[in-house]
1. What per residue convex hull volume, in Å³, do the alpha-carbon atoms of the stretch 302-453 yield?
2. If you put +1 on each Lys and Arg Cβ and -1 on each Asp and Glu Cβ, how big is the dipole of the stretch 452-495 around its Cα centre, in Debye rounded to 20?
3. State in Å² the accessible area per residue of the stretch 163-254; use a 1.4 Å probe, count heavy atoms of protein chains only, and round to the nearest integer.
4. Where does each of 415-421, 277-283, 129-135, 185-191 land if you order them by average Cβ count within 10 Å, highest first?
5. Please name whichever of LEU401, TRP369, THR307 sits farthest to the positive end of the charge dipole of the stretch 299-430, dipole taken about the Cα centre and charges placed at Cβ: Lys and Arg +1, Asp and Glu -1.
6. Just flag the chymotrypsin sites (Phe, Trp or Tyr not before Pro) in the stretch 250-337 sitting in loop per DSSP whose Cβ has no more than 14 other Cβ atoms within 10 Å.
7. Post the alpha-carbon centroid distance, the stretch 457-505 to the stretch 53-128, in whole angstrom.
8. Along the charge dipole of the chain, Cβ charges K/R +1 and D/E -1, which of ALA129, ALA90, VAL15 sits furthest on the positive end?
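The values are calculated or read from the model by the stated rules, or taken from the named source; none is laboratory data. Because the structure is a prediction, the values reported are computed rather than measured. Backbone-built Cβ (ideal geometry, glycine too); neighbour counts: all protein chains shown. Accessible surface areas use protein heavy atoms only, side chains included; no ligands, DNA or RNA. Shrake-Rupley method; radii C 1.70, N 1.55, O 1.52, S 1.80 Å.
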Amino acid sequence: MSSGSTTFEHPSGFVAFVGAGPGDEGLLTLRGADLLSRADIVILDQEAYGSLLRHCREGVEIVGTAEEGAVSLKAVKAAKGGSCVVRLCAGDPMFFSSITEEVAACAKAEVDFEIVPGVPPATAVLTYAGIPAAVSVPEFRVVDATQIKDWSAYAAGAGTLVIYNGVAEAVPIGKALIAAGRPDSTPVAISSAGTTTEQHTVVTTLGRIGPDLKHAGMVEPALIVVGEAVGMRDRLSWFETKPLFGWRVLVPRTKEQSAGLVDQLRSYGAVPEEVPTISVEPPRTPQQMDRAIKGLVTGRYEWVAFTSANAVKAVREKFEEYGLDARAFAGLKVAAVGESTARALVEFGVRPDLMPSGEQSSEGLLVEWPPYDSMLDPINRVLLPRADIATETLVAGLIELGWECDDVTAYRTVRAAPPPAPTREAIKGGGFDAVLFTSSSTVRNLVGIAGKPHNVTVIAVIGPQTAKTAEEFGLRVDVMADKPSTSALAAALAEYGAKQRQAAVMAGDAPRRPSQTRRGARRRAK
């Protein structure tokens, strides 16, 4: 008896019609991600599904579906030439799909093809809106409004009715269902941009669709849900009630530095956007690092102290240049100034022996550092690979403890280029809901390359020193982490967002993001 999943291997060129899901890129199936990773050509609506291209290998050819008639012809021709073609389809390819002609073209040309199911909006959007598809009455109907001329057949059922492509005709549809016998008090939910951080749901009744949708700004893709199941939303809503739902959060760090922070922010419902404020470059004279690596291998040092993930990266690159790996640290003691630095070391294959138990800084590391003891320590020298602009605090403290330091420039930091104009305008104009400052330098550099954040933007800082720098630049600090780590900073911002949301709900108001409070911001009823 087989217990594994079935996959289809294609001996030559083929076309895969892959369901992209309802919008949340995390809902792409494993089979879909696997096929994207092997694709030579991907055909898609790039505006809607461009984020899924991260699964593709470098050099993949992207074809937009704006080429309409050319899509099936190009797919067939490429497949016949031996290419793997992936055609990304909204939701599920076989669910109210418009790609049947493309599938037929493959069959007619005798091109091997595969259809990979996707998560359909009919179930996913309801789940993300906190509406159970079938509750009390085990009946669930899904219809395409563009194909319905007479709604009387859909008014009789007591179960949940889900309507695709109906937002523009929502009022006439509501009237038609009432005329056919559905009570005007029947609960209705209209949800647009479902499963994404732009999701927006309006709850109303059949009799009040018109006035309640008047200023809601609903656009396709959207679903209309009719039935008593809508009443469960108050208890089951989990997505739109996340503490930072839809918040556009500026993270002034590079992708490499902010990966864990970005994932944590997304788990709170935020939309993080990284803006590098510094650029890391090699030292102008590499000989100092060359000598340091040689000394590390030949036993010159007792300790190596890393004060940033960039320092770990610089040493790792030097190791690779010399054909070395983490085994060269055997017999050495390794110190890391904080969590992100320790994480970079572990990824390198090195587990730090010493980390601050309190403040994650040079001062915090010095509190833990043992004094030199000639009876216990055969060597009294510490290697300190750092940035060119690092402070002397750690060096001075180690010397005071009896150690000798080789303070080596491992990399240079220079101010990054300004971000694109739309990002600069959003920073200064209040387009961001929050900005996370993880050091004083991120404050100085962001203001230097992009200007001061707008006064409606929530300013969150990692600690007192960063708060002081922000205030020196005229910024109001709203949130400070209870301990100096990026994880604690993200959690503090989430707690702030949750309190703001709760206060609005208690006051009977619709929760609004900070950016929606600025003058001229479009207001949407929830």
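1. Values: hull volume 20.0 nm³, N = 152.
Dividing the Cα hull volume of the stretch 302-453 by its residue count gives 132 Å³.
2. Roughly 100 debye, rounded to the nearest 20.
3. On a per-residue basis, the stretch 163-254 sits at 41 Å².
4. Going from most to least packed, we get 185-191, 129-135, 277-283, 415-421.
5. Among LEU401, TRP369, THR307, the one farthest towards the positive end of the dipole of the stretch 299-430 is THR307.
6. TYR322
7. 44 Å
8. ALA129
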